[in-house]
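The values are calculated or read from the model by the stated rules, or taken from the named source; none is laboratory data. Not measured: the values here are computed from a predicted model. Here the Cβ positions follow ideal geometry from the backbone for every residue, glycine too, while neighbour counts run over all protein chains shown. Surface areas here come from the heavy atoms of the whole protein model, side chains and all, with no ligands, DNA or RNA. Shrake-Rupley method; radii C 1.70, N 1.55, O 1.52, S 1.80 Å.
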Amino acid sequence: MSESKRFSGKTIMVTGAAGDIGAATAIRFAREGASVALLDIADMSGVLEKVKSAGAVHAAAYQCDVTNWEKVEKTVAQAVKDFSRIDMLFNNAGYQGLFDMTHRYPVEDFAKVMNINVIGVFHVLRAVSVHMAEAGGGAVVNTASMAGVDGPPNMLAYGTSKFAVIGITKTASKDLAPFNIRVNAISPAFMGPGFMWQRQVDLQAEVGSQYFDSDPKVVAQQMIDQVPLRRYGNIDEIPGTVAYLMSDDASYVTGVNIQVSGGI
Ligand code: NAD
């Protein structure tokens, strides 16, 4: 079946592009005709190659720490210069934080999680939306999490930060509507297999709370048992939802949080 090219002539900026979800989404947008600006604090050379092989008309990688406002502002300005405009932003960089009960949660890690997941998301949104407003519009998808809907145990910083990402999405969707900029969020949960899944399973087992067993194999099953679809989601099940929210099919959709979570 021939691939749809619904994003031909458009540019997407993807943050957290070196990670699983960012990379898969960047590749999906390249396949659908978009030019792709990758942004991450980590090396993106492997993803950049894949994005080019997937057919991106124009692709570039920008190494940048989203917690540093000056660098974000400069990097976004450079990307706007290189690509002429940014039509879509997948504001996705994030950090899961440590796992522990609230009364023991490491103070410095709470600040680190907020800095990356909340202030970083704000920085990128702030920098890109100025250009979108000047250019006449755009679409933004922020990556929240089911942790920002449910408040899972032992993830105080992460859950709190993702509630904030949903808050940013709702207020920004109102503030930016007059500028023809739509702002939505996705909330994945229990995506696997891979690093983030295994890390969650192992760390929930280590905490020793009443909610999970101390054996990671049992924890994995306990987590799956929470999911109505009775399996974890695959990373490749995320980009299609992002693409929908960025597309003209969602032209009247703003301020929503779509749960890509198997029903939890
Ligand atoms: P990942 O760890 O593979 O990717 C996260 C990326 O963010 C990494 O490449 C990392 O280098 C980048 N990053 C971290 N701090 C940064 C900073 N200061 N500046 C720039 N980049 C920075 O994880 P992922 O699974 O691809 O996660 C992507 C997003 O999805 C995150 O926001 C995460 O919270 C969210 N999420 C993931 C899951 C899951 O199960 N994988 C579930 C719900 C939500």
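Let's see how each residue does on (1) free of Cβ contacts under 8 Å to residues at least 60 places away in the same chain; (2) within 21 Å of the chain's Cα centre (by Cα); (3) surrounded by 21 or more Cβ atoms within 10 Å (Cβ to Cβ):
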position	(1), (2), (3)
Ile166	no, yes, no
Thr169	no, yes, yes
Ser173	no, yes, no
Ile181	yes, yes, yes
Pro188	no, yes, yes
Gly192	yes, yes, no
Leu203	no, no, no
Asp225	yes, no, no
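Which members of the range 76-109 meet the condition of being farther than 22 Å from Gly136 by Cβ and under 19 Å from the mean Cα position of the chain (by Cα)? Within the range 76-109, Asn92, Ala93, Gly94, Tyr95, Gln96, Gly97, Leu98 meet the criteria.
Annotation for the range 122-139: no member residue is modelled with pLDDT of 95 or more, within 30 Å of Asp202 (Cα to Cα), within 15 Å of the ligand (Cβ to nearest atom) and open to solvent by 20 Å² or more (accessible area, probe 1.4 Å). Just one of (1) open to solvent by 20 Å² or more (accessible area, probe 1.4 Å); (2) farther than 23 Å from Leu176 by Cα; (3) in contact with a helix residue (DSSP H, G or I) (Cβ under 9 Å, 6 or more places away or on another chain); (4) among the hydroxyl-bearing types (Ser, Thr, Tyr) fails for Thr67. It is (2).
Of all residues in the range 79-97, those being within 16 Å of the ligand (Cβ to nearest atom) and surrounded by fewer than 21 Cβ atoms within 10 Å (Cβ to Cβ) number 2. How many residues does the range 41-53 hold that are open to solvent by 20 Å² or more (accessible area, probe 1.4 Å) and out of contact with any Asp or Glu (no Cβ under 9 Å at 6 or more places or on another chain)? Final tally of qualifying residues: 9.
Listed here are the helices (runs of 4 or more DSSP H) enclosed by the range 173-264 that have at least 1 residues being closer than 28 Å to His103 by Cβ: 195-207, 216-225. Screening Val149 against (1) near the ligand (Cβ under 9 Å from one of its atoms); (2) β-branched (Val, Ile, Thr); (3) open to solvent by 30 Å² or more (accessible area, probe 1.4 Å); (4) touching a strand residue (DSSP E or B) at 6+ places or on another chain (Cβ under 9 Å) leaves a single unmet condition, (1).
For the range 173-204, a tally of residues being out of contact with any Lys or Arg (no Cβ under 9 Å at 6 or more places or on another chain), more than 10 Å from the ligand (Cβ to nearest atom) and not acidic (Asp, Glu) returns 12.
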